[in-house]
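Peer 1: Mind having a look at this structure? Questions to follow.
The values are calculated or read from the model by the stated rules, or taken from the named source; none is laboratory data. Since the model is a prediction, treat every value here as computed from it, not as a measurement. Every residue, glycine as well, gets a Cβ built from its backbone with ideal geometry; the counts of neighbours run over all protein chains shown. When the accessible area is computed, the model is the full protein with side chains, heavy atoms only, and any ligands, DNA or RNA have been set aside. Shrake-Rupley method; radii C 1.70, N 1.55, O 1.52, S 1.80 Å.
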Amino acid sequence: MEYSREIELKGHIIDSGIMTKVFDAIMEMGGNFEITVFEIGKKKQDESFARLLVSAGDETLLNEILSVLHRLGARPPVVEDIALAEAEANRVVPKGFYSTTNHPTMVKYGGEWLHVEAIEMDCLIVVIPAEKRAICTPMSKLQKGDQVVMGDTGVRVEPPERPREVSTFEFMHGTVSSERPSETVISQIAQEMKSLKARGGKIGIVGGPAIIHTRAAPALAEIIRGGYVDVLFAGNALATHDIEYNLFGTSLGMNLDTGTLARGGHKNHIYAISEVIRAGSIRNAVEQGVIQKGIMYECIKNDVPFVLAGSIRDDGPLPDVITDVMVAQDRMREYLKDLDMVIMIGTLLHSVAVGNCLPSYVKTICVDINPASVTKLMDRGTMQAIGVVSDAGTFLPMLAKYLQE
């Protein structure tokens, strides 16, 4: 006996590769399909429509297949209202809750489609009936009595489609290659940044200490001074070594200008942290003239906010570092919701953390010398990312050069 269910797909489902992904998912999971309706758009701006009968040997497997297809934008011909369940306690999720993707999502409630606010992956959807609002809610923010969306019924996901007018930048999304010409890609990223800022868009930088170690800090400082950065996400290390370099000319005790070890230089980052603690904050250290240049200096001077998230590896840390990671996560979300582009440079773990909070429509560039780091970001759900295999010391100075042109 086979169990079957109809699904529909609508949009630019052919050239965006969605139909292929649907077929692959059904076959890889051991199901079958029959195409009952297939209307192909005749021009590139025309949408296509398909109706499929999906079947499997048992009902559990069929539901598993349909859950995967749902995340690719498939929906039943007749959409019912969502089912809701009440959270029994703070941070206790109801069994069978709907887990979000990072794609734009809508839910049908009371016969109306509600846009899900602040979408990100691996969260719940909480509905506020009195306000007719649906809010993407991290598990850490779930409160007792919250009305939580259950299952896929009444939920519509809209995965990103290939744009009708495709720039080279957009065409590369979701790819990584060490053989792609870096200078050409960096030039295209610079042009995209210029266009975005001209439209009033916002850009965030996620930076690791490799930016300092590779002597790319002056280039990033120049980019911030030029108005191309609206928020900086980093940890204690980037800020500490940036300040160390500008106080002592070293990073991790290495003279960056000569490539030689400084005598007693291994203590310089501790001295740098101590000087900022003495001043009270990075802003105070800048205003008192302790810090006179660098990335953090330009952030203060140009009113660019920064979120420094702590880790168990930190020395000090600097007084501006948020040591409660959940508080840091909330602070990051405050700025991420307004961003149109995020550039991640030389920091895998921080990049994955930020990527997990990003909607799929945010342009995302991940720069790392190790191709595996870029691939890991995509494997963890940030499929919209462009991978640039490059050293931070090469990428940032070249980016600064093209932004000036």
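Peer 1: Please enumerate the residues belonging to the stretch 250-285 that are open to solvent by less than 10 Å² (accessible area, probe 1.4 Å) and assigned to a helix (DSSP H, G or I). Walk me through it before giving the result.
Peer 2: Taking the stretch 250-285 and keeping what is open to solvent by less than 10 Å² (accessible area, probe 1.4 Å), we get 250-251, 253, 265, 272-273, 276, 282, 285.
Matches in the stretch 250-285: Gly265, Ala272, Ile273, Val276, Ile282, Ala285.
Peer 1: So if I check each of Gly11, Gly31, which one is modelled with pLDDT of 90 or more, within 27 Å of the chain's Cα centre (by Cα), of a type in the set (Gly, Ala, Ser) and closer than 21 Å to Thr153 by Cα? Talk me through it step by step, then tell me what you get.
Peer 2: Values: Gly31 fails: within 27 Å of the chain's Cα centre (by Cα).
Testing whether each residue is modelled with pLDDT of 90 or more, within 27 Å of the chain's Cα centre (by Cα), of a type in the set (Gly, Ala, Ser) and closer than 21 Å to Thr153 by Cα leaves just Gly11.
Peer 1: With respect to Lys401, is the statement that it is touching a Leu at 6+ places or on another chain (Cβ under 9 Å) and not hydrophobic (A, V, I, L, M, F, W, C) true? Quick ask: steps written out before the conclusion?
Peer 2: Values: touching a Leu at 6+ places or on another chain (Cβ under 9 Å): no; not hydrophobic (A, V, I, L, M, F, W, C): yes.
The answer is no for Lys401.
Peer 1: Looking at the stretch 390-405, which of the residues that are touching a Ser or Thr at 6+ places or on another chain (Cβ under 6 Å) and buried (at least 22 other Cβ atoms within 10 Å of the Cβ) is farthest from Lys337 (Cα to Cα)?
Peer 2: Per the criteria, the residue is Ser390.
Peer 1: Of the residues Ile243, Ile270, which single one is more than 23 Å from Ser351 (Cα to Cα) and in contact (Cβ under 8 Å) with a residue 40 or more places away in the chain? Spell out the reasoning first.
Peer 2: On the way: Ile243 fails: more than 23 Å from Ser351 (Cα to Cα).
The match here is Ile270.
Peer 1: Kindly list, by first and then second residue, each pair from a residue in the stretch 187-202 that is hydroxyl-bearing (Ser, Thr, Tyr) to a residue that is open to solvent by 30 Å² or more (accessible area, probe 1.4 Å), limited to pairs with Cβ atoms under 8 Å and residues at least 6 apart or on different chains.
Peer 2: From the stretch 187-202, the pairs are Ser187/Tyr402.
Peer 1: Being under 25 Å from Ala221 (Cα atoms), surrounded by fewer than 23 Cβ atoms within 10 Å (Cβ to Cβ) and charged (D, E, K, R) is the filter here, so list the residues in the stretch 349-389 that pass it.
Peer 2: Answer for the stretch 349-389, where residues must be under 25 Å from Ala221 (Cα atoms), surrounded by fewer than 23 Cβ atoms within 10 Å (Cβ to Cβ) and charged (D, E, K, R): just Lys363.
Peer 1: A follow-up question, please. Do we have Tyr297 as at pLDDT 95 or above and closer than 28 Å to Lys376 by Cβ here? Show your work before the answer.
Peer 2: Numbers: at pLDDT 95 or above: yes; closer than 28 Å to Lys376 by Cβ: no.
Considered against the rule, which asks whether it is at pLDDT 95 or above and closer than 28 Å to Lys376 by Cβ, Tyr297 comes out as no.
Peer 1: Are any of the residues in the stretch 328-336 under 18 Å from Leu232 (Cβ atoms) and among the basic types (Lys, Arg)? Full working, then the answer.
Peer 2: The first filter runs over the stretch 328-336 and keeps only residues under 18 Å from Leu232 (Cβ atoms), leaving 328-336.
Now narrow it down to the ones that are among the basic types (Lys, Arg): 331, 333.
Yes; the residues of the stretch 328-336 include at least one that is under 18 Å from Leu232 (Cβ atoms) and among the basic types (Lys, Arg).
Peer 1: Can I ask one more? Of the conditions (1) at pLDDT 95 or above; (2) out of contact with any His (no Cβ under 8 Å at 6 or more places or on another chain); (3) hydrophobic (A, V, I, L, M, F, W, C), Met344 satisfies every one except a single condition; which number is it?
Peer 2: The failed condition is (2).
Peer 1: Check the stretch 395-402 and report whether any residue there is small (Gly, Ala, Ser) and under 17 Å from the mean Cα position of the chain (by Cα).
Peer 2: Our first condition is that a residue be small (Gly, Ala, Ser); within the stretch 395-402, this holds for 400.
If we keep only those that are under 17 Å from the mean Cα position of the chain (by Cα) as well, we get none.
So far as the stretch 395-402 goes, no, none of its residues is small (Gly, Ala, Ser) and under 17 Å from the mean Cα position of the chain (by Cα).
Peer 1: Looking only at strands (runs of 3 or more DSSP E) that lie completely in the stretch 1-98, which have at least 3 residues being open to solvent by 20 Å² or more (accessible area, probe 1.4 Å) and touching a Ser or Thr at 6+ places or on another chain (Cβ under 9 Å)?
Peer 2: Once the strands (runs of 3 or more DSSP E) in the stretch 1-98 are filtered for at least 3 residues that are open to solvent by 20 Å² or more (accessible area, probe 1.4 Å) and touching a Ser or Thr at 6+ places or on another chain (Cβ under 9 Å), what remains is 3-11, 32-39.
Peer 1: What's the total number of residues in the stretch 111-153 that are open to solvent by 60 Å² or more (accessible area, probe 1.4 Å) and part of a loop (DSSP other than H, G, I, E, B)?
Peer 2: Residues that pass the stated criteria total 6.
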